[in-house]
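Before any comments, here is the structure.
Every number here is computed from the coordinates shown, using simple stated rules; none is lab data. Remember, it's a predicted structure, so these values are computed and weren't measured experimentally. For neighbour counting, all protein chains shown are included, and Cβ atoms are generated from backbone atoms with ideal geometry for every residue, glycine included.
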Amino acid sequence: DAKTTQPPSMDCAEGRAANLPCNHSTISGNEYVYWYRQIHSQGPQYIIHGLKNNETNEMASLIITEDRKSSTLILPHATLRDTAVYYCIVRVDQAGTALIFGKGTTLSVSS
Amino acid sequence: GAVVSQHPSRVICKSGTSVKIECRSLDFQATTMFWYRQFPKQSLMLMATSNEGSKATYEQGVEKDKFLINHASLTLSTLTVTSAHPEDSSFYICSAEPYSGNTIYFGEGSWLTVV
């Protein structure tokens, strides 16, 4: 079973920041937080992952709370193409360990 | 990012026949490949985990004789749906884990329709 809780849906205006929350209160010390997104009828796309420090790449920023029980994915300037289902997943950094998907958050970006 | 390719992207087959879906890691060698299926408006469900040269590990409830997985090389895994039925119609997605790094990359998915 998925070990994360996400709101089922969120809306965001184009050009504004999209902040997607994720609760993972039972996360273990050796589990990373991964974010993927799935645009309709495509395979999931990797966005970002982190252990305990905040991370940033060209797509997004990941903010992890100090107790690691929750995190927020930030898309700084959302576009219509960011409309997708966003999945927050916790996973042990061990070869052969699969990503287990929950229901995710459907983000709708509108103009 | 790394590229994982699936083929075919869409396939229609007759009930009772078998269909093979290929998953290739194009620019890296994969220690492990994973197969998922996804029904409309649902999340991805893990079917099996495969390692090169060894038998796949199937999730509970997934019939290993129906969904044959072969991981013949470090860049290729195949899923064969045997004796397909209409209820096997679904979106099948593979993913691959490189030797180096801890990021898993997904293919584009394959739509299977059984008529």
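Assorted remarks:
- Whole-number D in µm² s⁻¹ for chain A, Kirkwood Cα-pair radius fed into Stokes-Einstein, 25 °C, 0.890 mPa s: 175 µm²/s
- Share of Cα-Cα pairs in region B:41-94 lying beyond 15 Å, as whole percent: 49 percent
- The chymotrypsin sites (Phe, Trp or Tyr not before Pro) found in region B:20-115 that occupy coil by DSSP, while having at most 16 further C-beta atoms within 10 Å, are B:TYR99.
- Dividing the Cα radius of gyration of the protein assembly as shown by its Kirkwood radius returns 0.98 for Rg/Rh.
- Alpha-carbon Rg with Dmax, taken over region B:1-78, Å: 13.0, 38
- Positive-end extreme of charge dipole, region B:2-110 - chosen from B:ALA2, B:GLN29, B:SER15 (charges on Cβ): B:SER15
- Note on B:25-32: average number of Cβ atoms from other chains within 10 Å of each residue's Cβ is 1.
- Put a plus charge on the Cβ of each Lys and Arg, a minus charge on the Cβ of each Asp and Glu, and nothing anywhere else: the dipole of the protein assembly as shown about its Cα centre is then about 340 debye.
- Straight-line reach from A:LYS52: taking Cα to Cα under 28 Å and skipping same-chain neighbours fewer than 8 places apart, the lysines in range are A:LYS3, A:LYS69, A:LYS103.
- If you count Lys pairs in chain B whose Cα atoms are under 15 Å apart, skipping same-chain pairs closer than 8 places in sequence, the total is 4.
- Applying a 4.7 Å Cβ-Cβ cutoff to chain B leaves B:CYS13 as cysteine residues with no disulfide-compatible partner.
- Placed amide H near A:SER108: partners under 5 Å, 5+ positions off or other chain: A:MET10, A:ASP11, A:CYS12
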